[in-house]
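Working notes for the structure below.
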Amino acid sequence: MNKLVAGNWKMHGLSSDLAEIKAIDDASRRYPSVDVALCVPAILIERASRAVPNFAIGGQDVHYADKGAHTGCVSAAMLVDAGAVLTIVGHSERREAQRETDAEVKAKAEAALSASLRVILCVGESLEVREAGGAVETVLAQLAASLPDHADAARLAIAYEPVWAIGTGKVPTNDEIEEMHAALRRRLIAAYGDAGRGVRILYGGSVKASNAAEIFAVPEVDGALVGGASLKAADFMPIVAAAAVGG
């Protein structure tokens, strides 16, 4: 199973950044054993997919409805029409700032999968929960309530992103990552049977060139969801290279 390294550009990216996307596409071809993707702002999806037609471009969110009175939202069909092949759902920044519930995240994942998009479903705990010793229990409950009822393992990935590690430079210990990923794997197998072994579990939260190799060496880490370090090929490609070695 190839490792998956996906960049989340968040609210960054203009047409002038298409050259960086092209550079990432070009460099990614040197690592055929790693699946590489970029989830860019909605306004860039069509232009990026035209600029790099053989590279995986994705959205950062999707609405659960097919269409309707949902001002400012983007449906799964719209993502596909723009050229996206995957989308993120349930990122902590949306769960917190947009008050998204587990039920909404589940509905979004199901809508995306029904439209043949690949899905990266995010889960993670706060620092308060981690310090209180409830990280695993909390994240497993979040996963259970967010998982689509039926999913093709090849098109679903879970991204474990401890909220307190996103953009802070802080990273859990290897033992903490291993404990969480092992627990997530058990829950996926319980939900999907043997197919749950094929769902990739990514780590996200301050992943960078200097720590990527160590993180990818942890059992059950099948890739990474990368934030700020994915904006520039010079920062992102060493992470992809580390995944190739760790694969």
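So is Glu100 charged (D, E, K, R), modelled with pLDDT of 95 or more and surrounded by 15 or more Cβ atoms within 10 Å (Cβ to Cβ) or not?
yes
Identify the single condition in (1) surrounded by 17 or more Cβ atoms within 10 Å (Cβ to Cβ); (2) under 16 Å from Ala42 (Cα atoms); (3) out of contact with any Leu (no Cβ under 9 Å at 6 or more places or on another chain) that Ala77 does not satisfy, given that it satisfies every other one.
Just one mismatch for Ala77, condition (1).
Out of the range 96-138, which residues are in contact with a Cys (Cβ under 9 Å, 6 or more places away or on another chain) and more than 26 Å from Asp175 (Cα to Cα)?
Val105, the sole residue that qualifies.
The rows are residues; the columns are (1) in contact (Cβ under 8 Å) with a residue 12 or more places away in the chain; (2) closer than 30 Å to Ala115 by Cβ; (3) of a type outside the set (Asp, Glu).
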residue	(1), (2), (3)
Ala159	yes, yes, yes
Ile166	yes, yes, yes
Val171	yes, no, yes
Glu176	yes, no, no
Arg200	yes, yes, yes
Ser206	yes, no, yes
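Checking His70 against (1) part of a strand (DSSP E or B); (2) free of Cβ contacts under 8 Å to residues at least 12 places away in the same chain, only one condition comes out false. Which one?
(1)
Please identify the pairs in which a residue from the range 78-97 that is under 15 Å from Ser146 (Cα atoms) has its Cβ atom under 6 Å from the Cβ atom of a residue that is of a type in the set (Ser, Thr, Tyr) and at pLDDT 95 or above, counting only partners at least 6 apart or on another chain.
Gly90/Ser146
Of (1) in contact with a helix residue (DSSP H, G or I) (Cβ under 8 Å, 6 or more places away or on another chain); (2) modelled with pLDDT under 95, Ala65 satisfies all except one. Which?
Checking Ala65 against (1) in contact with a helix residue (DSSP H, G or I) (Cβ under 8 Å, 6 or more places away or on another chain); (2) modelled with pLDDT under 95, the one that fails is (2).
Can you name the residue in the range 80-95 that is more than 18 Å from Asp152 (Cβ to Cβ) and over 17 Å from the mean Cα position of the chain (by Cα) and is also surrounded by the fewest Cβ atoms within 10 Å (Cβ to Cβ) among such residues?
Asp81
Give the range 14-37 a look and list any residue that's of a type in the set (Ser, Thr, Tyr), part of a helix (DSSP H, G or I) and in contact (Cβ under 8 Å) with a residue 60 or more places away in the chain, or say none.
Of everything in the range 14-37, just one residue is of a type in the set (Ser, Thr, Tyr), part of a helix (DSSP H, G or I) and in contact (Cβ under 8 Å) with a residue 60 or more places away in the chain, namely Ser28.
Take Met11 and tell me if it is farther than 22 Å from Gly205 by Cβ and of a type in the set (A, V, I, L, M, F, W, C).
no
So how many residues does the range 200-211 have that are among the hydrophobic types (A, V, I, L, M, F, W, C), farther than 11 Å from Cys122 by Cβ and out of contact with any Pro (no Cβ under 7 Å at 6 or more places or on another chain)?
So the answer is 2.
Taking the range 220-247, which residues are outside any helix (DSSP H, G or I) and among the acidic types (Asp, Glu)? First the steps, then the outcome.
Initially, the range 220-247 is screened for residues outside any helix (DSSP H, G or I), giving 220-227, 231-232, 247.
Within the range 220-247, Glu220, Asp222 qualify.
Please work out which one of (1) within 15 Å of Ala6 (Cβ to Cβ); (2) modelled with pLDDT of 95 or more; (3) not hydrophobic (A, V, I, L, M, F, W, C) is the condition Arg197 fails and give its number.
The one condition Arg197 does not meet is (1).
Modelled with pLDDT of 95 or more and of a type in the set (Phe, Trp, Tyr) - does that describe any residue in the range 164-177?
no
Which of the helices (runs of 4 or more DSSP H) found entirely inside the range 103-219 contain at least 1 residues meeting this: surrounded by fewer than 19 Cβ atoms within 10 Å (Cβ to Cβ) and of a type in the set (Val, Ile, Thr)?
The helices (runs of 4 or more DSSP H) meeting that bar are 127-131, 135-146, 174-192.
The values are calculated or read from the model by the stated rules, or taken from the named source; none is laboratory data. Only a predicted model underlies this, so the values are computations on that prediction, with no experimental measurement involved. FYI the Cβ positions are ideal-geometry reconstructions off the backbone, even for glycines, and counts take in every protein chain you see.
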